[in-house]
1. In the stretch 158-171, which residues are crowded, with 19+ Cβ neighbours inside 10 Å and either among the charged types (D, E, K, R) or outside any loop (DSSP other than H, G, I, E, B) (or both)?
2. Against the conditions (1) away from the ligand (no atom under 11 Å from the Cβ); (2) under 22 Å from residue 142 (Cβ atoms), where does residue 237 fall short? Just the number, please.
3. When residue 140 is evaluated against the numbered criteria (1) within 16 Å of the ligand (Cβ to nearest atom); (2) in contact (Cβ under 8 Å) with a residue 12 or more places away in the chain, which criterion, by number, is the only one it fails?
4. Pairs only if they're at least six apart or on different chains, beta carbon under 6 angstrom, first in the stretch 191-208 and more than 14 Å from residue 137 (Cα to Cα) and in the same structural domain as residue 256 (by TED's automatic domain parsing), second β-branched (Val, Ile, Thr) and within 9 Å of the ligand (Cβ to nearest atom); list them, first residue then second.
5. Of 466, 461, which residue is touching a residue at least 60 places away in the same chain (Cβ under 8 Å) and not in a strand (DSSP E or B)?
6. Report, by residue number, each residue of the stretch 64-98 that is within 16 Å of the ligand (Cβ to nearest atom) and either in contact with a helix residue (DSSP H, G or I) (Cβ under 9 Å, 6 or more places away or on another chain) or among the charged types (D, E, K, R) (or both).
7. Could you list all residues from the stretch 126-156 that are of a type in the set (Gly, Ala, Ser) and either surrounded by fewer than 19 Cβ atoms within 10 Å (Cβ to Cβ) or part of a helix (DSSP H, G or I) (or both)?
8. Being closer than 26 Å to residue 121 by Cβ, touching a strand residue (DSSP E or B) at 6+ places or on another chain (Cβ under 7 Å) and part of a loop (DSSP other than H, G, I, E, B), is that true of even one residue in the stretch 226-246?
Amino acid sequence: MSETPKTMGQQFGRRSWAEPWKIKMVEPLTVTTREEREQAAIEAGFNTFLLKSKDVYIDLLTDSGTGAMSDRQWAGMMMGDEAYAGSRNFYHLEAAVQKYYGYKHVVPTHQGRGAEHMISQAVIKKGQIVPGNMYFTTTRLHQELAGGTFQDVIIDEAHDPSNLHPFKGNIDLDKVQALIDKVGADGIAYISVAGTVNMAGGQPVSMENIKALRALCDKHGVKVYLDATRIMENSYFIQQREEGYANKTIAEIAKEFCSYTDAAWMSAKKDSLVNIGGWLAVNDWDLFEELRNLVVVYEGLHTYGGQAGRDMEALAIGIEESVQDDHIRTRIGQVLYLGELLVDWGVPIVQPIGGHAIFLDAKAFYPHLKQVEFPAQTLAAELYLDSGIRAMERGIVSGGRDPKTGDHYYPKLELTRLTIPRRVYTQAHMDVVAESVKAVYDQRESTRGLKMVYEPKYLRFFQARFERL
Ligand SMILES: Cc1ncc(COP(=O)(O)O)c(C=O)c1O
């Protein structure tokens, strides 16, 4: 078993760690006045997705495509082979996915939802159930558009923001078994597993759980597909929390995890440290054939799938960087740093602290607001007004509507997400963020909610507009 490399701090017996990189290029930030932010918030309909980035100070909207690439990745960009067919960069990407994720066949896509679209169209039959460990917005929508019905099979603890279960992303095997008993294996398209679980607060799935799911699914002939978007972060939590994994590397853990699944899709804009890109990878040849066919209809030829050659090169290098233990420790260490500050100050957040973001518990922030007064949307708007920090709603607005009844979904979790981009901000930025959250928390009792005045049909959280009540 290889020994996990230690940070400098650990090697010298100290507690602190530092980023395993230094800054080579900087991008100036804009500081606005309160009046300017009031104006910008009104123009954006109190939706942080509709703000112009020039009006944002610290941008914690998402960790998707917002990371900083390394000098090696930028050098790789210069080696782009922009041939329409057979670009050498595709073969580098294919080899990196095979090496670190372990699947046999790889189809590139422009980003995660391109992959979700194709896998959903390829395998879901109308009327089938797609059980998953909590929904993700684009994943569920593509499953629904393909004729499937999502069903949540995550453990109950995941819906409780203060429950300290170490693997709140786990699948409840009893729920899966009950579903198989009810609709039969044929009634299930596949089990849709995400690690970590974004909407639950970046919570991980344990190795024990995925192994047990594999055994259960093998018994019934059900496939297990993985949303591998943050599987390297998931692997860090396994290394830290699960018995028998402390001395395994992130690369070893991730590959073992993937080995219990039949296929995966990826939004490479997260773990893999690139600004755009994704892929689908499968072991089954016939499914690969189908996907390789679909990709030319929706994304591009099967050796670029909507990416430029240079993008695929940066991604191949990013995959290699993403499995470095020092990188992942620092990345999650920064999230923990911010979260622990907030916990110390009594601010209600989802615990345990997850991998890619701090999720503020908006229901606990604003107990006087009803869920239809959009507490998490309100909190994101208040944070922006206080300091120009941009967060994102992950509650009833993101939940959307049930396509059958037309009513809101009313998720139990009503959260505002402070998402930390990879290798972009320093610990000093985290201090500023924590202070702003505290200031907004201190004014919570006088905060009013919002009403929705414009609602788009699909993925409404991106473009909905609100006014103050
Ligand atoms: C867990 C998860 N799956 C899928 C996606 C969709 O990926 P993309 O935004 O690249 O289309 C995301 C994006 O946020 C995600 O977090």
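The values are calculated or read from the model by the stated rules, or taken from the named source; none is laboratory data. Just so we're clear, the structure is a prediction, and the values are computed from it rather than from any experiment. In this analysis, Cβ positions are derived from the backbone assuming ideal geometry, glycine residues included, and neighbour counts consider all displayed protein chains.
1. 158, 168, 171
2. (2)
3. (2)
4. 202/196; 203/196; 203/197; 204/196
5. 461
6. Residues satisfying the conditions are 64, 67, 93, 97.
7. Across the stretch 126-156, the qualifying residues are 127, 147.
8. yes
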